[in-house]
Amino acid sequence: MKTKGKALSNIKDFKLKIEEYKEAFKNASVKVKDEKSLQELRNLYLSRKKGYLRVLFDELKTLKPTDRPKAGQLINGLKNYIQKRLQSLEKRIKVPKRLIREIDLTLPGRNRYWGAPHPVLLFQEEIERIFLAMGFSIEDGPEIETDYYNFEALNFPPHHPARDDWDTLYITDDLLLRTHTSPVQIRVMEKQKPPIRVINPGKVFRKEAPDPTHLPMFFQLEGLVVDKDITFAHLKGTLEFFLRTLFLEKINIRFRPAFFPFTEPSAEVDIECTVCGGKNRECRVCGGEGWIEILGSGMVDPQVLKNVNIDPEQYSGFAFGLGIDRTALFAYEIQDMRYFYENDLRFIRQFAQK
Ligand code: PHE
C-alpha cells in the first residue's frame, strides 16, 4: 500500500481511502502469528512518526476546512477499530508469563512411580494359583477372633498347655488376634458341607521378638480338604505336588511327626535350606541344621469334625498351615524375613513385575 496518497480535496474520496486502509489492515491482521508480526503491524498503522494514521491525519490539511471535522471522526473511527483489533490479537498471542516460567521443555520428564503388589502378596498369589489349579477355592476369615474359633473348636480345651505353643496377643479374655489361620477351617466347615477343598490365606499374629525367621505379624495359608475316604496319602501327595511346583522340582522336602490338637496324626514339613544348602553350620536362616520347617499338617481330628457337625464315620479330611513369608524367604533366597517389612524401596523394587 502506498503511504503517501496524492493530496485529496474531496471528503468522499477520503472516506473511500479510509475504507481501503481498513480492508488492508484486516487482511494483514489475519496473518499475525506472533508478537513480532503483531508489533510490526502496530508500527505500520499507529507509529507516531510515519504510521498510516499519522499520514492520514496529516492529509486533513488538504481538505476543505468544513470537511475536516467529519474526516477527523472517520480517522478516529479507524484508529479505534485498529486498536481494539490489535488488543484482541495480543491477548490471543501472548503466552502468560507464569506459564513461560513453569514449562521448561528442555527439562527431562518426571517419572511416575506406580504402586505395585508387595513381594509377599505376589508370592501368596503364586501359591494360590497352584491350589486353584488343583480345584481349591479361596476363603477368608477375620483377623480378630474369639477364643472359641482360635482354640476351643480346634480341640484345645480351656487352660490346655498346648495353648502356650501359640504366643497369643489377647484383646480381651475372649477376643484375640488370631495366632494361625486354622480358625477359618471351623468357619468354612460351619457353613459348607463336604466335599470341601479350600485355602485361606491371611495375616496372623504372635507375641514374638523379630529375628531372621520370626515376626510378630506374618502370613499363613491354611488348606482344608474334607470328603469321603480322604487319607494321609492325599495329604502327602497334595503337599509334595504343591512344593515341587512352587520350587520347580529342585527342592528336597521331608515329613516329620508332630503334634497339633486339631489333627491326628500330624506332620511338620521341612524344606532343605536354600540359603546354605545345609552346608553352613552357622547359617543364620536354618541355624546350621540344613532344614527349615515351613508348614504344619495332619488329618483333621474326628473331634474337630464333630464340633462342626460333620460325621467322622462318614467323612475324613486333612489340613495344613503354611508360613507364606517364611517360604518366600527360601523361594527368593533372602537372608532375613524382616527385609519384607522394612519397606526399603531398593529391596521391594526388585520384585516389581515388569
Ligand atoms: N495352625 C498350625 C500352626 O499355626 C499349622 C497347622 C495347620 C497344623 C493345619 C495342622 C493343620 O502352626
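In table form, for the structure just shown:
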| item | result |
| --- | --- |
| Any hit, the stretch 165-177, residues being farther than 15 Å from V204 by Cα, polar (S, T, N, Q) and out of contact with any strand residue (DSSP E or B) (no Cβ under 7 Å at 6 or more places or on another chain) | yes |
| From the options Y315, Y341, residue that is of a type in the set (S, T, Y), in contact (Cβ under 8 Å) with a residue 60 or more places away in the chain and out of contact with any helix residue (DSSP H, G or I) (no Cβ under 8 Å at 6 or more places or on another chain) | Y341 |
| Given (1) buried (at least 19 other Cβ atoms within 10 Å of the Cβ); (2) away from the ligand (no atom under 12 Å from the Cβ); (3) aliphatic (A, V, I, L, M), index of the condition V204 fails | (2) |
| Selected residue (only one of V225, V188 is open to solvent by less than 30 Å² (accessible area, probe 1.4 Å), within 33 Å of the chain's Cα centre (by Cα) and at pLDDT 95 or above) | V188 |
| Search result, residues across the stretch 128-148 that are β-branched (V, I, T) and either surrounded by 13 or more Cβ atoms within 10 Å (Cβ to Cβ) or under 25 Å from the mean Cα position of the chain (by Cα) (or both) | I130, I138, T146 |
| Contacts under 6 angstrom Cβ, first residue in the stretch 114-139 being farther than 20 Å from S182 by Cβ, partner of a type in the set (S, T, Y), 6 or more apart | I130/T245 |
| Among the residues listed as G296, G317, the single one being assigned to a strand (DSSP E or B), of a type outside the set (F, W, Y), touching a strand residue (DSSP E or B) at 6+ places or on another chain (Cβ under 6 Å) and open to solvent by 10 Å² or more (accessible area, probe 1.4 Å) | G296 |
| Residue in the stretch 190-198 that is under 30 Å from E272 (Cβ atoms), touching a Lys or Arg at 6+ places or on another chain (Cβ under 6 Å), within 13 Å of the ligand (Cβ to nearest atom) and not aromatic (F, W, Y) present | no |
| Conditions (1) open to solvent by 40 Å² or more (accessible area, probe 1.4 Å); (2) more than 15 Å from the ligand (Cβ to nearest atom); (3) closer than 27 Å to L122 by Cβ; number of the one not met by I253 | (1) |
| Pairs, first modelled with pLDDT under 90 in the stretch 166-179, second part of a loop (DSSP other than H, G, I, E, B) and among the acidic types (D, E), C-beta under 8 Å, six or more apart | D167/E208 |
| Residue that is surrounded by the fewest Cβ atoms within 10 Å (Cβ to Cβ) [pool: residues in the stretch 9-59 that are under 17 Å from E90 (Cβ atoms) and touching a residue at least 60 places away in the same chain (Cβ under 8 Å)] | K33 |
| Near pairs, Cβ below 7 angstrom, 6+ apart or cross-chain, from the stretch 249-273 (free of Cβ contacts under 8 Å to residues at least 40 places away in the same chain) to any residue that is of a type in the set (K, R) and near the ligand (Cβ under 10 Å from one of its atoms) | none |
| Some residue of the stretch 331-348 being exposed (fewer than 15 other Cβ atoms within 10 Å of the Cβ) and of a type in the set (A, V, I, L, M, F, W, C) | yes |
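The values are calculated or read from the model by the stated rules, or taken from the named source; none is laboratory data. Quick caveat: nothing in here was measured; it's all calculated off a predicted structure. Glycine also receives a Cβ, built like all others from the backbone with ideal geometry; neighbour counts cover every protein chain displayed. To get the accessible areas, we keep the full protein, side chains included, count just its heavy atoms, and leave off ligands, DNA and RNA. Shrake-Rupley method; radii C 1.70, N 1.55, O 1.52, S 1.80 Å.
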